[in-house]
Each structure stands twice: as C-alpha cells, then as structure tokens.
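**Student:** The structure that follows is given in the form of structure tokens.
The values are calculated or read from the model by the stated rules, or taken from the named source; none is laboratory data. Note that this is a predicted model, so its numbers are computed, not measured. Every residue, glycine as well, gets a Cβ built from its backbone with ideal geometry; the counts of neighbours run over all protein chains shown. We work out accessible area using only protein heavy atoms, side chains counted, and drop any ligands, DNA or RNA first. Shrake-Rupley method; radii C 1.70, N 1.55, O 1.52, S 1.80 Å.
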Amino acid sequence: MMGSVGISEGRSLQGPNSSGSGDRKYRQWYAEADDGDRPATPVADVPASPAWTARTIDTTSGVDYMARTERDVVIELNMMRTDPARYAMKYLVPLRGCYQGRILKYPGDTAISTNEGLPALEECIRELKRARPVSPLSPREGLTLAARDHVLDQGPTGAIGHTGSDGSSLFTRLSRYGKWEFIAGENISYGYSEARKIVVALLIDDGVPSRGHRKNLLNQRFNLVGVDIGPHQAYGHMCVMDFVGGYRPN
C-alpha cells in the first residue's frame with residue numbers, strides 16, 4: 001500500500017520440484033480477546049460467516065513463538081480465505097466511506113495518499129465476491145523465524161524489498177530453518193501494525209498492477225505460513241508473511 005505510512009511488496013515463486021477452542025464464532029472470540037486500544041475499523045452489519053469458528057480459523061492455538069498481533073494476522077488471513085465473499089461484504093465494503101478521491105483515512109488514523117483510490121477497492125471487492133473458499137493456513141515456527149530474520153534486518157535501516165542486506169532471498173531465509181516444498185511466496189507490508197489493516201492493504205494491493213499480494217493471499221496451494229511484525233525505521237512498522245505449500249524443519 002503506497003503512501004505516507006504504508007507500502008507493500010509481494011512475490012510468489014514455484015519450487016524447483018513443484019515439490020482449538022471450541023465452535024464459537026470468530027466475531028465473539030475476537031471481541032473477547034481485543035484489548036480495545038486500536039483505532040476503530042469500519043465493519044458492516046453483516047452476520048459472521050458460519051465458516052468462522054475458532055476451531056477452523058484459529059490455527060495459532062497453543063503457538064508460543066508468535067506475538068499476539070502476529071497470531072491475529074494468521075486468523076485474519078484464515079477468515080478471508082475460508083469465506084472471501086463474506087469477508088469482502090463485512091470488512092471491505094464499509095471502506096468505501098473512508099475514501100475521498102485518492103485519500104484513504106481510517107477513523108482515528110492519519111490520512112494517506114493512495115495510487116488508485118476507490119477503484120482498487122472496488123476491484124478487490126468484486127474479485128473476493130467471485131473467489132472460492134480455500135483452506136486455512138497453519139503457522140510453522142521455521143517460517144516465522146525466516147520472516148523474523150527479514151524484519152530484524154530491514155527494520156533498523158528502513159530498507160524495503162525482498163532482498164536482505166546480505167543478499168539473501170526468500171529461499172535463503174526459508175532454508176535456514178528447514179526445507180520448503182511445492183511453492184513459496186512472501187508478502188511484506190510497511191506501515192500498518194494492526195492485523196486487519198495489514199491484510200486489507202495487501203488484498204487491495206493499491207499501486208501493484210500484478211496484484212501479487214492478493215494472489216498470494218488467495219492461493220489455494222499455500223498451506224503454511226510464518227508471520228513476523230516489528231518496528232521499521234522509515235515506515236514505523238513492517239509485517240513479513242512467508243507462505244509455502246509444505247515445510248520440513250531442520
């Protein structure tokens with residue numbers, strides 16, 4: 001997401017071998033867990049999806065290597081993947097009122113200038129309404145450590161992009177902790193620190209003609225994910241998501 005507080009980077013690559021907490025609805029679960037210190041995000045008065053049970057979308061249950069907001073990102077991704085159309089109606093449609101031309105302003109947040117404005121949001125809504133549900137993502141520690149390496153590398157310097165200061169690629173970072181299989185991809189968001197805003201910005205993919213971030217988020221071949229969020233010298237915050245089809249830890 002381009003602008004004064006956030007931009008995004010996304011990449012997905014084919015591999016060389018091609019090779020719980022009950023059934024409460026997520027809306028209730030999230031409300032109970034929320035600490036109430038985040039700016040309000042517009043939400044439509046649309047019922048939560050029947051697919052959004054904690055058993056289905058909270059694949060982070062029992063995970064101790066991710067911070068709270070990082071777990072929230074995984075849960076948010078799983079809400080979107082298991083019912084894209086409902087996610088669009090509940091969380092994207094209300095954002096129409098946050099745009100004034102190319103200016104986007106969430107309630108309580110600083111206004112930012114986008115590249116495309118409302119048309120990118122409308123395109124995203126249309127695509128999610130047509131998209132078929134895909135399986136939720138499960139976290140893995142090795143993937144999270146790979147994502148964390150990139151955050152720790154770029155954060156202090158304000159660098160952006162998928163290449164580390166040592167020349168490392170996504171594949172390099174993944175291979176430090178295990179062997180990825182089938183397909184691998186990486187999304188990077190700069191600016192937002194709240195899970196929903198991170199995911200929504202990557203879905204809208206403003207200013208990215210390929211919509212590569214959105215494709216990664218909806219890719220049915222991805223099964224596992226690692227997420228890390230940390231401070232960034234230039235944009236305040238950054239979030240790295242590493243996706244793979246399969247993974248074997250070292």
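**Student:** So, for the range 49-181, what is the accessible surface per residue at a probe of 1.4 Å, expressed in square angstrom?
**Tutor:** Each residue of the range 49-181 exposes 42 Å² on average to a 1.4 Å probe.
**Student:** Same structure, new question: With a bin width of 5 angstrom, please list the P(r) values of the range 170-250 as percents of all Cα-Cα pairs, from the 0 bin to the one holding the largest distance.
**Tutor:** That works out to 3, 14, 24, 22, 19, 12, 4, 0, in percent per bin.
**Student:** Ok, one more. Using θ = phi - 60° and the Karplus form 6.51 cos²θ - 1.76 cosθ + 1.60, what ³J(HN,Hα) does each residue of the range 75-80 get, whole Hz, x for Gly and Pro?
**Tutor:** Values, residue by residue: 5, 4, 4, 6, 4, 5 Hz.
**Student:** Here's a follow-up. If I model a spin label as a point 7 Å beyond the Cα along the Cα-Cβ vector, how far apart are those points for Glu141 and Arg55 in nm?
**Tutor:** Here the answer is 2.7 nm between the modelled labels.
**Student:** Also, I was wondering about something else. Rounded to two decimal places and with Rh computed the Kirkwood way over Cα pairs, what is Rg over Rh for the range 63-175? Walk me through the numbers on the way to the answer.
**Tutor:** Values: Rg = 17.2 Å, Rh = 16.8 Å.
Rg/Rh for the range 63-175 comes to 1.03.
**Student:** Of the cross-linked pairs Lys105/Lys215; Lys105/Lys129; Lys90/Lys197; Lys90/Lys215, which ones have a Cα-Cα span greater than 18 Å in the structure shown?
**Tutor:** Too far apart for the 18 Å limit: Lys105/Lys215; Lys105/Lys129; Lys90/Lys215.
**Student:** Would you report the distance distribution of C-alpha pairs in the range 105-250 as whole percents per 10 angstrom bin, up to the bin with the largest distance?
**Tutor:** With 10 Å bins starting at 0, P(r) equals 11, 39, 36, 13, 1.
**Student:** Expressed as a whole percentage, what fraction of the accessible surface of the range 44-95 belongs to carbon and sulfur atoms when a 1.4 Å probe is rolled over the protein heavy atoms?
**Tutor:** Working: 830 of 1640 Å².
Roughly 51 percent of what the probe reaches on the range 44-95 is carbon or sulfur.
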